[in-house]
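Read the structure below first, then the notes.
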Amino acid sequence: MAPTAFVAPFVPSTAVFKGDLFKGKVLFCTGGGSGICRGMTEAMMRHGASATIVGRKYERLTQAAAELSKATGQKCLPVAGDVRQPKTLQDAVAKTIEVFGRIDFVICGAAGNFLAPIDGLSENAFRTVIEIDTLGTFHTIKATLPHLRASKGAYIHVSATLHYKGTPYQAHVSAAKAAVDALSAVLAVEEGPHGVRSNVIAPGPIAGTEGMDRLEGKSADARQMMLPLGRMGVVGDVANATVFLFSPAAAYITGQVLAVEGGTEHLRSLV
Ligand code: HXC
């Protein structure tokens, strides 16, 4: 099969959804100081939401908050802290309520990752990623849930696709993300009756991220064939999915995993 010339266009959510879609709403995002979660936050702010971003690196966080506010005209509150500490989340939620008065949407996005074979993973290395990704998600849910019940809000958990199969050197992350997917499903069924939705976004190959840099050695043709829609994803693709899942257009969608991966998970290598 020869690679096709088709390349999926990228269209920002602002060209599709109303600019004031989330006016008066408040987003709480862990990991929002950089990468995919920063892009998700920016998209929500471009549609009128205010946001709190939580992360470990205070300087990066405050700079991100200033840049996000400048780019979108919306308020962004940076709160430094580690999602492994429940108190961090409780304090960040308290500050958010103090400043914005409500929380409508939560992105559980803080994550840790490095490449290591099981043989090279210490107990602490494995535990560290479980604590950031899985326990961090749990702590975020616990701290925000009363406010999401009050606002009839929604969660998006940022997971991955790597745990659907055996991805080498990712035992710790695979275990952590599988648990995140499970947590979201339980949250969806338990909290549906309270008007709270919970979904997962599973980013696939997203350009400009650390994981994707490892694909750079592949030939152009081989790479094209690995990408059914002709290109890698961009952060904006994940941001678009975020806007949709938080919008009222997704009011009947909960407990789902939306993989933003351009069809790559369905490709089976012949060798
Ligand atoms: C083996 C490693 C290691 C490595 C750290 N450890 N890096 N073991 N190989 N490359 C071990 C350490 O030796 C230590 O165990 C334990 O992990 C904890 O390390 P610390 O550095 O003390 O932890 P900490 O400072 O809390 O840092 C957390 C971290 C770090 C996860 C280890 O890498 C981090 O915070 N990275 C930034 C966040 C990040 O990478 N985000 C991207 C997420 S992307 P010992 O036994 O020595 O005490 C994502 C999507 C996945 O999640 C998609 C990929 C394709």
Exercise. Report the full-extension gain for the segment Ser269 to Arg223: residue separation times 0.36 nm, less the Cα-Cα distance, to one decimal in nm.
Key: 15.4 nm
Exercise. Can you pull the one-decimal nm distance between simple spin-label points at Tyr164 and Ser34, each 7 Å off the Cα toward Cβ?
Key: 2.8
Quiz item: Quick one: His194, His47, fewest Cβ neighbours within 10 Å first, how do they rank?
Solution: His194, His47
Quiz item: Put +1 on the Cβ of each Lys and Arg and -1 on the Cβ of each Asp and Glu in the chain; which of Phe138, Ala175, Thr52 then has its Cα farthest toward the positive end of the dipole?
Solution: Thr52
Quiz prompt | In nm, spacing of pseudo-spin labels at Ala175 and Phe244 (7 Å Cα→C-beta vector) | solution = 3.4
Quiz prompt | Least to most buried among Thr144, Thr161, Thr88 (fewest other Cβ within 10 Å first) | solution = Thr161, Thr88, Thr144
Exercise. Determine the dipole magnitude for the chain: charges of +1 sit on the beta-carbon of Lys and Arg, -1 on that of Asp and Glu, nothing else is charged, the reference point is the Cα centre, and the result goes in debye to the nearest 20.
Key: 560
Quiz item: Among Lys57/Lys95; Lys70/Lys177; Lys18/Lys70; Lys23/Lys70, which pairs are too far apart, with a Cα-Cα distance over 24 Å?
Solution: Lys70/Lys177
Quiz prompt | Among Thr137, Thr209, Thr96: highest mean-square fluctuation, GNM of the chain, C-alpha pairs under 10 Å | solution = Thr209
Quiz item: Based solely on its DSSP helices, what 222 nm [θ] is calculated for the chain when runs of n ≥ 4 H residues each add -39,500 (n - 2.57) and the sum is averaged over all residues, nearest 500 deg cm²/dmol?
Solution: -12500 deg cm²/dmol
Self-check item: Relative contact order, percent, the range 22-260 [alpha-carbon distance under 8 Å, six or more residues apart]
Solution: 20
Quiz item: Quick one: if the Förster radius is 51 Å, what FRET efficiency do Gln90 and Val7 give, using the C-beta to C-beta distance and rounding to 0.05?
Solution: 0.65
Quiz item: Most exposed first by the Cβ proxy, i.e. fewest other Cβ within 10 Å, how do Met226, Met40 rank?
Solution: Met226, Met40
Quiz item: What FRET efficiency comes out for the pair Ser151/Ile118, r = Cβ-Cβ distance, R0 = 41 Å, nearest 0.05?
Solution: 0.45
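Every number in this text was worked out from the coordinates using simple rules, so none of it is lab data. Keep in mind it's a predicted model, so treat the numbers as computed, not measured. Glycine also receives a Cβ, built like all others from the backbone with ideal geometry; neighbour counts cover every protein chain displayed.
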